[in-house]
1. Just to be sure, is V25 among the β-branched types (V, I, T), under 13 Å from the mean Cα position of the chain (by Cα) and surrounded by 11 or more Cβ atoms within 10 Å (Cβ to Cβ)?
2. What do you reckon, is S14 surrounded by 11 or more Cβ atoms within 10 Å (Cβ to Cβ) and of a type in the set (S, T, Y)?
3. Taking the condition assigned to a helix (DSSP H, G or I), surrounded by 10 or more Cβ atoms within 10 Å (Cβ to Cβ), under 16 Å from the mean Cα position of the chain (by Cα) and modelled with pLDDT of 95 or more, does V56 pass?
4. What number of residues in segment 11-69 are of a type in the set (D, E), more than 22 Å from E80 (Cβ to Cβ) and in contact (Cβ under 8 Å) with a residue 24 or more places away in the chain?
5. E10 versus (1) within 20 Å of D79 (Cβ to Cβ); (2) assigned to a loop (DSSP other than H, G, I, E, B); (3) under 17 Å from the mean Cα position of the chain (by Cα): which is the lone unmet condition?
6. Condition (residue is touching a Leu at 6+ places or on another chain (Cβ under 9 Å) and acidic (D, E)) applied to segment 30-40: is it met by at least one residue?
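The values are calculated or read from the model by the stated rules, or taken from the named source; none is laboratory data. What you see is a predicted model; the values in this text were computed from it and never measured. Note: ideal-geometry Cβ built from the backbone for every residue, glycine included; neighbour counts use all protein chains shown.
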Amino acid sequence: MPEKVLFNSESDQSRAEIASYLRTVADKLDDGGEVTLKAGSESVTLTPPSRPTFEVKAEREGPADGPGELSIEFELEWDENAGEEAGESGTLEIE
């Protein structure tokens, strides 16, 4: 399935700044409202359903015998034409 990027933003932020962005998204999810992403002249508004698929991934990129780049990725995804139900692959815990 082809992918079309609707919005992209990447910048160095402090941990506190990142936490603030994540809290804003969490509040929008709690309220059941739209999530609008803006950066400069770019903007996109999305309305996640009540049960989107939530993917959490930790990755390490780079050579096996040397330092690499670590990442934590959080992703919400849903089918534009599907109903509200999504699958479940197990209980996620974040400590």
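1. Considered against the rule, which asks whether it is among the β-branched types (V, I, T), under 13 Å from the mean Cα position of the chain (by Cα) and surrounded by 11 or more Cβ atoms within 10 Å (Cβ to Cβ), V25 comes out as yes.
2. no
3. Criteria not met by V56.
4. Counting residues in segment 11-69 that are of a type in the set (D, E), more than 22 Å from E80 (Cβ to Cβ) and in contact (Cβ under 8 Å) with a residue 24 or more places away in the chain gives 0.
5. With (1) within 20 Å of D79 (Cβ to Cβ); (2) assigned to a loop (DSSP other than H, G, I, E, B); (3) under 17 Å from the mean Cα position of the chain (by Cα) applied to E10, the lone miss is (1).
6. yes
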